[in-house]
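Engineer: One structure, as structure tokens, below. Some questions next.
The values are calculated or read from the model by the stated rules, or taken from the named source; none is laboratory data. Computed from a prediction, not measured in an experiment: that's the story for all the values here. When we count neighbours, we look across all protein chains shown, and the Cβ atoms used for this are built from the backbone with ideal geometry, even at glycine.
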2 protein chains.
Amino acid sequence: MKKYYIGIDIGGTYTKVGVLTKAFDIIGKASLPTSSYKSPQRLISAVSRAAGLLLKSRNITKTAVYGVGVGIAGLVDAEKGVIKNLINIPGYRGFNIKRAFEKEFGLSVCADNDANAMALAEFHKGAGRGGTNIVCVTLGTGVGGGIIIGGRLYRGSTSSAGELGHIPINMKGQRCNCGGTACIETYAGNNYIAGRLKGALKRRIGRPGMAARTLAADAAPKLLYEAAKDGDRSALELWEEIGAEIGVMLAGVINLLDPDRVVIGGGIADAGRFLFSPIKKTVRSRAMKSKRRIKIVKARLGKDAGLVGAAMLARLERTKWL
Amino acid sequence: MKKYYIGIDIGGTYTKVGVLTKAFDIIGKASLPTSSYKSPQRLISAVSRAAGLLLKSRNITKTAVYGVGVGIAGLVDAEKGVIKNLINIPGYRGFNIKRAFEKEFGLSVCADNDANAMALAEFHKGAGRGGTNIVCVTLGTGVGGGIIIGGRLYRGSTSSAGELGHIPINMKGQRCNCGGTACIETYAGNNYIAGRLKGALKRRIGRPGMAARTLAADAAPKLLYEAAKDGDRSALELWEEIGAEIGVMLAGVINLLDPDRVVIGGGIADAGRFLFSPIKKTVRSRAMKSKRRIKIVKARLGKDAGLVGAAMLARLERTKWL
């Protein structure tokens, strides 16, 4: 009897693989360093071996697995399973990841954007439970998103809906990786936060130790959070600015989609009140009056959202459940 | 046998009423000056009398009418039929227009935002035909919009989705009627275009005749169009600016919703290439690369879109057709 899903979450730094029950509880997981595999095919072979070992350690045979879901940190044509764009991991564009995994596993595979997977996970098992129309934002190296409409994942006409990170918040601004200009990602993506933090530190005296550190992009939000906790004024101001920028983007999304809830996840969401308070304040002053009391909540599934959502993608593929 | 719909389109200046066939062809219509009626109830009585006369002139009995649809230039709770906000027509907020019309007609009534009605009309009978996910923008005194998702009108969680006019395009800018700041309506709404046109005229020599005219808001786009046709540089530049601003707003909407088509209607859409060319140019440079070839087309139903869409609202109410 089929009782399990395999979930795979391919990120710029780590690729995770997990075995999940049909209630989407993780009963085993492993992690591989994405960039140490020289080609997509090698990564896929390694992931498949890891999945095989996880199944074996639990005495689960492949015949007991419903299917495999893959969330990827980029644009994916969910129908064909082809990676359209993967900015932070070179060598994957045009690769048919669905077909490659299907060969390895002999099981049906569903691949989609990782923010779509996260939105599914939060909607069915996390902070989006009980909603109908929800918008999820993930704040990380990139700013991503997923949209649930009428209780179903909304993918758009070319499998690339939900790109909240690429909503412009100014007429003029920095060029974005997507080819656009002044997208919210160029304000709130980790690389940009790192740049702004460096700028802020240069402009003032004090905390010379901080300025001296090499500032890795994904360390920036944490550093900024620690500084804000210490009461550092520049850090607090920078969070205010970032929150206001995300808030303006969300005000537009809320006016457009009128969702019942906005779920915010990803690394910098851990900044808690430093981030959520200016976001909420901005939405309350910039969204249309009738929509200002919308719930803006933190994602609940944390780092497991990717695996849970990937497994849900597999269920979606099999049963058209969502 | 039921064969007809009554469509009603309540605008800031005129209220139109029409009788339509079940194929949504208009077979009779009338127009009333909205503001000359001192209360919503008086307007509704006059509209009902006009509808009665239209039916009578065609020898149609009320029993042959499926239902009544009402499109209104404001926010409407489509479920209850209550007007939530009607910025340009005072005295209507909180009024249950569905119930009032149901009393007059003894028929089921469906009321909704006029941009939602227009989106339905363009989707089923106009420039949106053949699409699946489409976004409609109406450019007039206000900037409105309607969203069709999966072939159905998307209303959102509180009946107020599709408010494209209230997407901010800058962090800072003018206060908007909606309570927000820097919404696209504060750049491309008729009143704002009139203000910008006056400003442009003040700043330069020549065309003193134009500057001297009292510039009614709804005349501004036409005047600006005529000046652009004459090759007036300030006018051409102003269209470039307005088109770029609408284009940046649309780039965000396209990245978020990944529609297969954008339909642009309303008064200033008549500016044709002066408007469409900078809009398309901006979308091609600001939207994500894979989405830049999206179809951006002019609405086809013109001033009848409101009546056609209103009748479709009635069908939607009756049959859950859409």
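Engineer: Considering only segment A:220-312, give the helices (runs of 4 or more DSSP H) lying wholly within it that have at least 1 residues that are of a type in the set (S, T, N, Q) and away from every other protein chain (no Cβ under 12 Å).
Structural biologist: Because the criterion is at least 1 residues that are of a type in the set (S, T, N, Q) and away from every other protein chain (no Cβ under 12 Å), the helices (runs of 4 or more DSSP H) in segment A:220-312 that meet it are A:233-257, A:273-286.
Engineer: Working only within segment B:18-41, note down all residues that are touching a residue at least 60 places away in the same chain (Cβ under 8 Å) and not basic (Lys, Arg).
Structural biologist: Residues satisfying the conditions are B:Gly18, B:Leu20, B:Phe24, B:Ile26, B:Pro40.
Engineer: Could you check, for segment B:139-156, whether at least one of its residues is in contact with a Lys or Arg (Cβ under 7 Å, 6 or more places away or on another chain), closer than 21 Å to B:Gly266 by Cβ and not in a helix (DSSP H, G or I)?
Structural biologist: no
Engineer: Still on this structure, please answer the following. Report, by residue number, each residue of segment A:64-86 that is among the hydrophobic types (A, V, I, L, M, F, W, C) and surrounded by fewer than 16 Cβ atoms within 10 Å (Cβ to Cβ).
Structural biologist: If we filter segment A:64-86 for residues that are among the hydrophobic types (A, V, I, L, M, F, W, C), which is where we start, we get A:64-65, A:68, A:70, A:72-73, A:75-76, A:78, A:82-83, A:86.
Correct list: A:Ala64 only.
Engineer: Which of the residues that make up segment A:86-114 are within 14 Å of chain B (Cβ to nearest Cβ) and either part of a helix (DSSP H, G or I) or out of contact with any Phe, Trp or Tyr (no Cβ under 9 Å at 6 or more places or on another chain) (or both)?
Structural biologist: Answer for segment A:86-114, where residues must be within 14 Å of chain B (Cβ to nearest Cβ) and either part of a helix (DSSP H, G or I) or out of contact with any Phe, Trp or Tyr (no Cβ under 9 Å at 6 or more places or on another chain) (or both): A:Ile87, A:Arg93, A:Gly94, A:Asp112, A:Asn113.
Engineer: Here is a list: B:Leu120, B:Leu43, B:Leu20. Which entry is within 24 Å of B:Leu250 (Cα to Cα) and not in a loop (DSSP other than H, G, I, E, B)? Write out each step before concluding.
Structural biologist: Details: B:Leu43 fails: within 24 Å of B:Leu250 (Cα to Cα); B:Leu20 fails: within 24 Å of B:Leu250 (Cα to Cα).
Residue meeting the stated conditions: B:Leu120.
Engineer: If you don't mind, there's one more thing I want to ask. Using the structure shown, decide if B:Thr34 is surrounded by 16 or more Cβ atoms within 10 Å (Cβ to Cβ), at pLDDT below 95 and either among the polar types (S, T, N, Q) or assigned by TED's automatic domain parsing to the domain that holds B:Glu104 (or both). Write out each step before concluding.
Structural biologist: Details: surrounded by 16 or more Cβ atoms within 10 Å (Cβ to Cβ): yes; at pLDDT below 95: yes; either among the polar types (S, T, N, Q) or assigned by TED's automatic domain parsing to the domain that holds B:Glu104 (or both): yes.
When the stated conditions are applied, B:Thr34 passes them.
Engineer: Okay, next question. Considering only segment B:275-312, state which residues are β-branched (Val, Ile, Thr), buried (at least 22 other Cβ atoms within 10 Å of the Cβ) and under 21 Å from the mean Cα position of the chain (by Cα).
Structural biologist: Passing the criteria: B:Ile279, B:Val308.
Engineer: Now for a separate question. Test A:Asn177 against the criterion of being farther than 17 Å from A:Thr132 by Cα and more than 7 Å from chain B (Cβ to nearest Cβ), and give yes or no.
Structural biologist: Spelling it out, A:Asn177 is indeed farther than 17 Å from A:Thr132 by Cα and more than 7 Å from chain B (Cβ to nearest Cβ).
Engineer: Further question: Does A:Gly94 satisfy the condition of being modelled with pLDDT of 95 or more and either within 24 Å of A:Thr34 (Cβ to Cβ) or in contact with a strand residue (DSSP E or B) (Cβ under 9 Å, 6 or more places away or on another chain) (or both)?
Structural biologist: Details: modelled with pLDDT of 95 or more: no; either within 24 Å of A:Thr34 (Cβ to Cβ) or in contact with a strand residue (DSSP E or B) (Cβ under 9 Å, 6 or more places away or on another chain) (or both): yes.
No; evaluated as a whole, the condition is false for this residue.
Engineer: So if I check each of A:Ser108, A:Ser48, A:Ser160, which one is touching a helix residue (DSSP H, G or I) at 6+ places or on another chain (Cβ under 7 Å), under 28 Å from A:Tyr187 (Cα atoms) and touching a residue at least 24 places away in the same chain (Cβ under 8 Å)?
Structural biologist: Within the list A:Ser108, A:Ser48, A:Ser160, the selection yields A:Ser160.
Engineer: Within segment A:175-203, work out how many residues are assigned to a loop (DSSP other than H, G, I, E, B) and buried (at least 19 other Cβ atoms within 10 Å of the Cβ).
Structural biologist: The number of residues fulfilling the criteria is 6.
Engineer: Of the numbered conditions (1) under 25 Å from A:Glu185 (Cβ atoms); (2) in contact (Cβ under 8 Å) with a residue 24 or more places away in the chain; (3) under 19 Å from the mean Cα position of the chain (by Cα), A:Leu86 fails exactly one; give the number of that condition.
Structural biologist: In the conditions (1) under 25 Å from A:Glu185 (Cβ atoms); (2) in contact (Cβ under 8 Å) with a residue 24 or more places away in the chain; (3) under 19 Å from the mean Cα position of the chain (by Cα), A:Leu86 misses (2) alone.
Engineer: Here is a follow-up. Residues to consider are B:Val68, B:Val82; find the one that is under 22 Å from B:Leu316 (Cα atoms) and more than 14 Å from every other protein chain (Cβ to nearest Cβ).
Structural biologist: Working: B:Val82 fails: more than 14 Å from every other protein chain (Cβ to nearest Cβ).
Of the residues listed, the single one that is under 22 Å from B:Leu316 (Cα atoms) and more than 14 Å from every other protein chain (Cβ to nearest Cβ) is B:Val68.
Engineer: Also: Would segment B:74-81 turn up any residue that is modelled with pLDDT under 95, within 28 Å of B:Gly140 (Cβ to Cβ), outside any strand (DSSP E or B) and among the acidic types (Asp, Glu)?
Structural biologist: yes
Engineer: Of everything in segment A:151-174 that's farther than 25 Å from B:Ala182 by Cα, polar (S, T, N, Q) and surrounded by fewer than 23 Cβ atoms within 10 Å (Cβ to Cβ), which residue is nearest to the other protein chains (Cβ to nearest Cβ)? Can you show your working first?
Structural biologist: Going through segment A:151-174, the residues farther than 25 Å from B:Ala182 by Cα turn out to be A:151-160.
Next, only the ones that are polar (S, T, N, Q) stay: A:157-160.
Now restrict to residues that are surrounded by fewer than 23 Cβ atoms within 10 Å (Cβ to Cβ): A:157-159.
Numbers: A:Ser157: 4, A:Thr158: 6, A:Ser159: 8 Å.
Of everything passing the filter in segment A:151-174, A:Ser157 is nearest to the other protein chains (Cβ to nearest Cβ).
Engineer: Right, here's the next one. Which numbered condition trips up B:Leu256, out of (1) in contact with a Gly (Cβ under 9 Å, 6 or more places away or on another chain); (2) over 30 Å from A:Asn177 (Cα atoms); (3) not acidic (Asp, Glu)?
Structural biologist: Status for B:Leu256: all satisfied but (2).
Engineer: I would also like to ask the following. For segment A:245-272, which positions are of a type in the set (D, E, K, R) and closer than 15 Å to B:Ile167 by Cβ? Spell out how you get there, then give the answer.
Structural biologist: So the first thing to find is which residues in segment A:245-272 are of a type in the set (D, E, K, R), and the list is A:245, A:258, A:260-261, A:270.
Scanning segment A:245-272 gives A:Glu245, A:Asp258.
Engineer: Still on this model: Somewhere in segment B:273-286, is a residue at pLDDT 95 or above and in contact with a Cys (Cβ under 9 Å, 6 or more places away or on another chain)?
Structural biologist: Yes, segment B:273-286 contains a residue that is at pLDDT 95 or above and in contact with a Cys (Cβ under 9 Å, 6 or more places away or on another chain).
Engineer: Would it be correct to say that A:Ile89 is modelled with pLDDT under 90 and hydrophobic (A, V, I, L, M, F, W, C)?
Structural biologist: yes
Engineer: Quick one: B:Arg315 ticks every box in (1) modelled with pLDDT under 95; (2) crowded, with 22+ Cβ neighbours inside 10 Å; (3) in the same structural domain as B:Cys110 (by TED's automatic domain parsing) bar one, so which box is it?
Structural biologist: (2)
Engineer: What is the residue count in segment A:63-77 for residues that are farther than 15 Å from A:Gly52 by Cα and of a type in the set (A, V, I, L, M, F, W, C)?
Structural biologist: The number of residues fulfilling the criteria is 5.
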